[in-house]
Amino acid sequence: MLRDLPTMAALKAFEAAARYLSFSRAADELCVTQGAVSKQVQQLEHYLEHSLFERLPAGIRLTAAGERYYPSICQSLDIIQTSTAQLRQTAQHTAVVSLDLSPSLSSLWLIPRLAEFSALHPDIHLDIRAGDGYINAKTMHADVAIRCLPMGDYADGTLLLEETLLLVASAKQQALSPLSSSADLGQQTLIPHLNRPQLWASLLAQNLTGAPQALQFGAGFEHFYMTQEAVLHGAGLGLIPDFMAAPAINRGDLVNPLQTEFASGYGYYLIIPAHKAVLAKNERVCRWLVAQFAGEPAGPSRP
């Protein structure tokens, strides 16, 4: 089908002129003359049979037709630019696999492992997206997803690891205000997890007898990586999955002052649609992810 479209040069000239409301500034951006921009816009107006700009003594402004046209053209050029950049960046790879992970899992666990993955699989390019909560394997856009979900059976989902949470403090904060027993929690600030506000109550019920009734809670955060950053900056005590906190603990930045851990009742699940699981590129990525999780702390057994 032959598409009846204006030239790309005309569309780029219009978009830049509409964004700046200036032919001269558009010309500077496009590295052409002001006259060239004006000519391209005039050709576009002739093609559309609509005036897109009002020419004023002090500049230009969009007409009603120009205001309707600009958002669609801007969005279309953005799509072309994004698609082109993605293709150019992945041109040297034979396969692209999109991963959909929680922000915390991406930041604290996956990113430090990307160099190892690239060394083992130089022909696979990973596109990493952030997502959280339940995801339907039949309708998800990514090739592979990992989700932290309540322990259970999920279609097209494989349990990678049961979640064990640690009570962590900044090593610096612990030196200034030591936490030596659960009774000291009354003098500490506790950082709530906004997506799972029951976690502190679960910890106290399972592991910490003798904690005071009155506890002080500080600013809450949605994600573990945010909580960990807050803890490192002395904002209080946090609850972090053991395998996410391990690097900071090994560096000596975080401590588990009461040597406390507990099973949260959640697990990390690998989710992949059945029709994508048979593709070799996805199977290789899944096998690598399973192997990586197999090397993580297993956590306590389920009762």
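The values are calculated or read from the model by the stated rules, or taken from the named source; none is laboratory data. These numbers come from a predicted model, not from an experiment. All Cβ positions, glycine included, derive from the backbone under ideal geometry; neighbour counts span all protein chains shown. Areas reflect the complete protein model, heavy atoms only, side chains present, ligands, DNA and RNA absent. Shrake-Rupley method; radii C 1.70, N 1.55, O 1.52, S 1.80 Å.
Taking Cα atoms only, the orientation of helix 34-48 departs from the longest principal axis of the chain by about 90 degrees.
Distance between the pseudo-spin-label points of Ala65 and Ile249 (7 Å out from Cα toward the beta carbon): 6.8 nm.
Structural descriptor for the chain: relative contact order 20 percent, calculated from alpha carbon pairs under 8 angstrom and at least 6 residues apart.
I want the local charge near Arg147. Using Cβ-Cβ distances under 10 Å, sum +1 for each Lys or Arg and -1 for each Asp or Glu among the other residues. Here the charged neighbours net out to -2.
The modelled label-to-label distance for the pair Thr209/Leu194, using points 7 Å beyond Cα in the direction of Cβ, is 3.7 nm. Centroid-to-centroid, using Cα positions, the stretch 106-183 and the stretch 10-72 are 48 Å apart. Rounded, prolate or oblate: which fits the stretch 95-139, taking a ≥ b ≥ c as square roots of the Cα gyration tensor eigenvalues, rounded meaning a/c under 1.5, else prolate when a/b beats b/c? Taking the square roots of the gyration eigenvalues as a ≥ b ≥ c, the stretch 95-139 is oblate. Oblate is the label for the stretch 71-130, because the ratio a/c of its alpha-carbon gyration tensor axes (a ≥ b ≥ c) is 1.5 or higher and a/b is not greater than b/c. Given their separation in residues at 0.36 nm each and the Cα-Cα distance between them, Leu77 and Leu176 gain 30.2 nm when the chain is fully extended.
In this structure, Ala183 and Asn256 have a Cβ-Cβ separation that, at R0 = 22 Å, corresponds to a calculated FRET efficiency of about 0.80.
Accessible surface computed residue by residue for the chain, with neighbouring protein chains in place and a 1.4 Å probe, gives 54 Å² per residue. Shown here: the chain, whose C-alpha atoms stretch 80, 49, 32 Å along the first, second and third principal axes, sorted largest to smallest.
Near Gly234, once Lys and Arg are set to +1 and Asp and Glu to -1 for all other residues with Cβ below 14 Å from its Cβ, the sum equals -1.
For the stretch 160-171, putting each phi into the Karplus relation 6.51 cos²θ - 1.76 cosθ + 1.60 with θ = phi - 60° gives couplings of 9, 6, 7, 7, 10, 9, 10, 7, 10, 9, 5, 4 Hz, in residue order, rounded to whole numbers and with x for Gly and Pro.
If you take all other residues with their beta carbon under 10 Å from the beta carbon of Leu165, and give Lys and Arg +1 and Asp and Glu -1, the sum is -2.
By how many degrees, between 0 and 90 and to the nearest 10, does the Cα long axis of helix 64-89 differ from the longest principal axis of the chain? Helix 64-89 and the main axis of the chain meet at about 60 degrees.
What number, rounded to the nearest 500 deg cm²/dmol, is the helix-based mean residue ellipticity at 222 nm of the chain, given -39500 (n - 2.57) per DSSP H run of at least four residues and division by all its residues? Please list the in-between numbers first.
On the way: 11 runs with 121 residues, N = 303.
Estimated from H runs of four or more residues: -12000 deg cm²/dmol.
For the stretch 1-63, rounded, prolate or oblate, judged on the Cα gyration tensor with a ≥ b ≥ c (square roots of eigenvalues), a/c < 1.5 rounded, else prolate if a/b > b/c? It comes out oblate by the Cα gyration axes.
Computed from Cα atoms, the angle from the helix 280-294 axis to the main principal axis of the chain rounds to 30 degrees. Taking 28 Å as the straight-line reach from the Cα of Lys281, the lysines in range (excluding those fewer than 8 positions away in the same chain) are Lys138.
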